[in-house]
Amino acid sequence: MLRRFLYLKRCWLLLFLAGMTPVYAEKQVITNHVLADKASANQIIRNQVITLGTGGVTGLYYPTGGALCRLVNQARQEYGIRCAVRSTLGSISNLEQVINHELDIGIAEAGQLYDFAKDTDKNADNHGDQLDQPLRTLTSLYPEYVSILVRSDAHINSFDDLKHKRVNIGQSGTSQRLTIELLMKTRGWQLSDFSGVSELEPSEQAAALCDNRIDATLYVVGHPSGTIKEALRDCSSQLIGLSKHDRETLILQNPFYREMTISGGFYSSDLTDVLTIGVNATLFARADLPDDVAYAVVKSLFEQFDNFKKLHPAFRFLIPEQMMQPTTLPLPIHPGAAKYFREVKYLSQTPPE
């Protein structure tokens, strides 16, 4: 009897285990899948790469992008984002590439962003569409100056003196080209009014001036600029200003332009100051950039701002509160950036998103 009881007990135990094992195994498989999915999602977040459009390697956009990416990458363990710098032709190229999803974020002049927003609004009105701006501001950066660099022996003291001179007008679609064309238009000039026209890349312009291949070139650049420093140091050249009429003309065209002074002290104690106009370089993104990514980029910058200011002389006098004032932002602010601004109370009232 006892042996029969033990036999039945073993059978019952085997049946019980046989009945329960598939259920347990199924639960274990589901659990493993869930854990694998979570690990995969976390891995994606940890490995997210964002691309930042800058400018030519000799300009200020490129080292600015490098500085921003460096700060983002230093916070990679916290936010899981890696930032990669891309060299481009500058503002307009960055606008096009960000819109086309070839870049995630970019640097551009506030004036160019304003013109883009204005054109978008105009097109929407013409077609009876609802306003849909595809871009957003992350933060203002540093001032850029319209800077005319000329050979000292070319007898050029104003933009009017460029007539019948050899002038570099920059590449098509650049801010340099657009600014020159606007100043030419107010005078009724054509390219034929110059004795020679060049379309040089930024890296070629200082050498062309020093080699006496051009008489003048125009930059829209932050100061101090390595390229301008090179030309002032290596050959007989000088910066000239814009007349009151030219300054008023450019400001009338775009409210984000304002009068500025290029301090001679940027380059030498012997140089005099030059009166011109300028506009802020601005960090921007697509409207669909995830809020947490925009938040991480902006926070990485301002939480390490003392380090940022040391990465280039042009950043030395920047003040965070001024960089986030509504009057400096040409596009609606990105919600991720606005979240950070609210947290640190840099603004008494965050501008519309």
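The values are calculated or read from the model by the stated rules, or taken from the named source; none is laboratory data. Just so you know, these numbers come straight off a predicted model, no measurement behind them. Methodologically, a virtual Cβ is constructed for each residue, glycine included, from the backbone with ideal geometry; neighbour enumeration extends over all protein chains shown.
Name the residues in the stretch 241-288 that are under 26 Å from the mean Cα position of the chain (by Cα) and assigned to a loop (DSSP other than H, G, I, E, B), would you?
ASN254, PRO255, PHE256, TYR257, SER263, TYR267, ALA287, ASP288
Answer yes or no as to whether LEU311 is in contact with a Lys or Arg (Cβ under 8 Å, 6 or more places away or on another chain), in a loop (DSSP other than H, G, I, E, B) and surrounded by 15 or more Cβ atoms within 10 Å (Cβ to Cβ).
Judged against the criteria, LEU311 is a match.
Answer with yes or no whether ASP292 is surrounded by fewer than 20 Cβ atoms within 10 Å (Cβ to Cβ), in a helix (DSSP H, G or I) and among the acidic types (Asp, Glu).
Yes.
Condition first: over 25 Å from GLY226 (Cβ atoms) and touching a strand residue (DSSP E or B) at 6+ places or on another chain (Cβ under 9 Å). Can you find one or more residues in the stretch 268-283 that meet it?
No, there is no match, as no residue in the stretch 268-283 is over 25 Å from GLY226 (Cβ atoms) and touching a strand residue (DSSP E or B) at 6+ places or on another chain (Cβ under 9 Å).
Given the residues ARG177, ARG213, which is the only one that is more than 23 Å from the chain's Cα centre (by Cα) and at negative phi?
ARG213
Does the stretch 78-115 hold any residues that are surrounded by fewer than 18 Cβ atoms within 10 Å (Cβ to Cβ), among the polar types (S, T, N, Q) and farther than 18 Å from ALA287 by Cβ, and which are they?
Selection gives SER87 alone.
Under 6 Å between Cβ atoms, which residue pairs at least 6 apart in sequence (or on different chains) link something in the stretch 97-112 that is under 20 Å from SER140 (Cβ atoms) with a partner that is of a type in the set (Lys, Arg)?
Close Cβ pairs satisfying both conditions: VAL98/ARG286.
Could you list, in sequence order, the residues of the stretch 169-182 that are at pLDDT below 95 and touching a helix residue (DSSP H, G or I) at 6+ places or on another chain (Cβ under 6 Å)?
GLY170, GLY173, SER175
Where residues in the stretch 251-264 are of a type in the set (A, V, I, L, M) and out of contact with any Lys or Arg (no Cβ under 8 Å at 6 or more places or on another chain), which of them is surrounded by the most Cβ atoms within 10 Å (Cβ to Cβ)?
ILE262
Among the strands (runs of 3 or more DSSP E) lying completely within the stretch 125-227, list those that include at least 3 residues that are free of Cβ contacts under 8 Å to residues at least 60 places away in the same chain and farther than 16 Å from VAL274 by Cβ.
Because the criterion is at least 3 residues that are free of Cβ contacts under 8 Å to residues at least 60 places away in the same chain and farther than 16 Å from VAL274 by Cβ, the strands (runs of 3 or more DSSP E) in the stretch 125-227 that meet it are 166-168, 196-198.
Being of a type in the set (Phe, Trp, Tyr) and either at pLDDT below 95 or within 15 Å of ILE148 (Cα to Cα) (or both) is the filter here; which residues of the stretch 252-307 pass it?
Of everything in the stretch 252-307, those that are of a type in the set (Phe, Trp, Tyr) and either at pLDDT below 95 or within 15 Å of ILE148 (Cα to Cα) (or both) turn out to be PHE256, TYR257, PHE266, TYR267.
Taking interchain pairs and intrachain pairs at least six residues apart, which have beta carbon atoms under 7 angstrom, with the first residue in the stretch 278-303 and over 17 Å from LEU103 (Cα atoms) and in contact (Cβ under 8 Å) with a residue 60 or more places away in the chain and the second of a type in the set (Lys, Arg) and in a strand (DSSP E or B)?
Short answer, once both residue conditions are applied: GLY278/ARG258.
Are there any pairs with C-beta distances below 8 angstrom linking a residue in the stretch 243-272 that is among the aliphatic types (A, V, I, L, M) to a residue that is in a helix (DSSP H, G or I), with the two at least 6 apart or on different chains, and if so which?
As it stands, the answer is LEU250/THR179; LEU250/LEU182; LEU250/LEU183; LEU271/LEU232; LEU271/GLY264; LEU271/GLY265, since those pairs meet every condition given.
Which residues, counting only those in the stretch 44-77, are among the small types (Gly, Ala, Ser) and farther than 20 Å from ALA285 by Cβ?
GLY56, GLY59
How about the stretch 36-87: which of its residues are at pLDDT below 95, under 30 Å from SER147 (Cβ atoms) and assigned to a strand (DSSP E or B)?
none
Could you check the stretch 90-118 and list, in sequence order, the residues that are polar (S, T, N, Q) and either assigned to a helix (DSSP H, G or I) or under 27 Å from ILE251 (Cβ atoms) (or both)?
SER91, SER93, ASN94, GLN97, GLN112
In the list ILE319, ILE333, which residue meets the criterion of being in contact with a strand residue (DSSP E or B) (Cβ under 6 Å, 6 or more places away or on another chain) and either within 29 Å of LEU182 (Cβ to Cβ) or in the same structural domain as PRO134 (by TED's automatic domain parsing) (or both)?
ILE333
Condition first: more than 19 Å from GLU259 (Cβ to Cβ) and either β-branched (Val, Ile, Thr) or crowded, with 24+ Cβ neighbours inside 10 Å (or both). Now tell me which residues in the stretch 150-175 satisfy that.
Passing the criteria: VAL150, ILE156, LEU162, VAL167, ASN168, ILE169, GLY170, THR174.
Looking at the stretch 265-276, is at least one residue among the charged types (D, E, K, R) and touching a Lys or Arg at 6+ places or on another chain (Cβ under 8 Å)?
The answer is no, given that none of the residues of the stretch 265-276 is among the charged types (D, E, K, R) and touching a Lys or Arg at 6+ places or on another chain (Cβ under 8 Å).
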